[in-house]
């Protein structure tokens with residue numbers, strides 16, 4: 001039980017929720033967050049499902065574990081903000097090409113989009129969490145758009161950058177991505193320890209085995225990163241348990 005870094009853990013189906021209530025339950029603690037996904041990309045939003053997952057998890061997990069709803073598009077954000085259970089204290093806006101219907105690489109309109117998002121969430125007492133694509137962190141063709149993740153942080157209540165791809169390109173590339181994010185974060189007055197990075201487990205694109213994920217996590221922590229978002233799927237439950245056990249050791 002030595003882990004000091006708070007986790008955000010994704011869940012997007014019943015099997016994942018049941019795993020968090022079962023074999024993964026004892027790895028979670030106060031200060032962690034469960035990211036419950038419905039209506040992202042072109043999938044339909046199901047409020048009853050989000051509410052059921054949040055209720056079932058709250059009855060099982062330790063006190064102090066928080067819950068977020070994760071979706072795409074401001075219309076779905078508004079529905080969640082207005083109608084979801086109060087226990088879903090945060091909303092994540094999945095902002096990436098072909099996912100958010102209003103996505104653009106242009107940075108000014110992107111910030112305006114997050115301003116709208118924040119206004120909707122805050123009007124209903126929810127935290128607005130930007131979940132933007134991580135491609136502009138280092139992708140050469142996107143540097144002309146001037147994305148600044150610290151600046152995004154000034155328009156929302158929190159930012160969960162999608163860093164998972166950069167974890168797959170080797171230690172040097174990963175380190176460069178973390179340094180760039182960290183410098184942007186600090187330049188806007190944010191505590192570097194509050195920076196969050198995402199790792200994905202599994203054999204999909206951008207996925208890592210648990211041993212590699214641990215290595216990338218430790219490299220990020222050595223650079224001052226203080227939070228971790230874990231994306232996974234039911235097929236890698238055993239590897240997920242190994243990762244969480246290693247973080248506790």
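Against the numbered list (1) assigned to a helix (DSSP H, G or I); (2) surrounded by 14 or more Cβ atoms within 10 Å (Cβ to Cβ), residue 15 comes up short only at (2).
For the range 145-173, a tally of residues being more than 14 Å from the chain's Cα centre (by Cα) and more than 20 Å from residue 114 (Cβ to Cβ) returns 8. Suppose the filter is over 18 Å from residue 183 (Cβ atoms), in contact with a helix residue (DSSP H, G or I) (Cβ under 7 Å, 6 or more places away or on another chain) and at pLDDT 95 or above; does residue 133 pass it? In short, no.
Considering only the range 113-138, state which residues are under 19 Å from residue 99 (Cα atoms) and not in a helix (DSSP H, G or I). 128, 129, 130, 131, 132, 133, 134 - these are the residues of the range 113-138 that are under 19 Å from residue 99 (Cα atoms) and not in a helix (DSSP H, G or I).
Does at least one position in the range 98-114 carry a residue that is crowded, with 20+ Cβ neighbours inside 10 Å, touching a strand residue (DSSP E or B) at 6+ places or on another chain (Cβ under 8 Å), modelled with pLDDT of 95 or more and within 18 Å of residue 234 (Cβ to Cβ)? No, that holds for no residue.
Considered as a group, the residues in the range 115-136 that are under 19 Å from the mean Cα position of the chain (by Cα) and farther than 16 Å from residue 154 by Cα include one that is surrounded by the fewest Cβ atoms within 10 Å (Cβ to Cβ), and that residue is 135. Look at the range 145-172: where a residue is free of Cβ contacts under 8 Å to residues at least 24 places away in the same chain and a partner is surrounded by fewer than 22 Cβ atoms within 10 Å (Cβ to Cβ) and assigned to a loop (DSSP other than H, G, I, E, B), sitting 6+ places away or on another chain with Cβ atoms under 9 Å, you get 169/138. Close contacts from the range 103-116, counting a first residue that is free of Cβ contacts under 8 Å to residues at least 12 places away in the same chain and a second that is surrounded by 15 or more Cβ atoms within 10 Å (Cβ to Cβ) and assigned to a helix (DSSP H, G or I), with Cβ to Cβ under 7 Å and a gap of 6+ residues or different chains, come to 104/110.
Report yes if some residue within the range 170-187 is in contact with a helix residue (DSSP H, G or I) (Cβ under 8 Å, 6 or more places away or on another chain), surrounded by fewer than 20 Cβ atoms within 10 Å (Cβ to Cβ) and outside any helix (DSSP H, G or I); otherwise report no. No.
The values are calculated or read from the model by the stated rules, or taken from the named source; none is laboratory data. The structure displayed is predicted, hence computed values, not measured ones. FYI the Cβ positions are ideal-geometry reconstructions off the backbone, even for glycines, and counts take in every protein chain you see.
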